[in-house]
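A quick write-up on the structure given underneath.
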Amino acid sequence: MANVMPQTNPLAALGAYMGAHGLAVDLTARGLKVTNLQVSGCCDEVSHAADMITCRKRSDDGGRQWFFSSSGKPITEVERVANAALIIRGNLSGHSPAERGR
């Protein structure tokens, strides 16, 4: 399977990919909410592990479009949907980066 998925809306492409791989997704005006229903959230207000993914230009990469986590951390270029999904799924796995080998 190719890692590049051309789409007009990168968040819609990412949502379709992640939804097909078992995560709950909701495309909103604020971004793409991705939820792992298999992992508990951080607190009473957040019942499951979730993140709001956005898409914007990254100035230190020549203005290319990137996916970003809700904390503002860059994930990967929008052309790399499968890579982005792997990183987001790892972030929502309930395991620390050290446990994931990062």
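Just give me the residues in segment 34-57 being surrounded by 15 or more Cβ atoms within 10 Å (Cβ to Cβ) and either more than 14 Å from residue 91 (Cβ to Cβ) or in contact with a Phe, Trp or Tyr (Cβ under 8 Å, 6 or more places away or on another chain) (or both), in sequence order.
Within segment 34-57, 53, 54, 55 qualify.
State all residues of segment 71-87 that are in contact with a helix residue (DSSP H, G or I) (Cβ under 9 Å, 6 or more places away or on another chain) and either farther than 15 Å from residue 56 by Cβ or of a type in the set (Asp, Glu) (or both); if no residue qualifies, say none.
Passing the criteria: 77, 79, 81, 82, 85.
State which residue is nearest to residue 14 (Cα to Cα) when the search covers only segment 50-80 and only residues that are more than 12 Å from the chain's Cα centre (by Cα) and of a type in the set (Gly, Ala, Ser).
63
Every number here is computed from the coordinates shown, using simple stated rules; none is lab data. What you are looking at is a predicted structure, and each value in this text was computed from that prediction instead of being measured. Cβ sites come from the backbone with ideal geometry, for glycine too, and all protein chains shown count toward neighbours.
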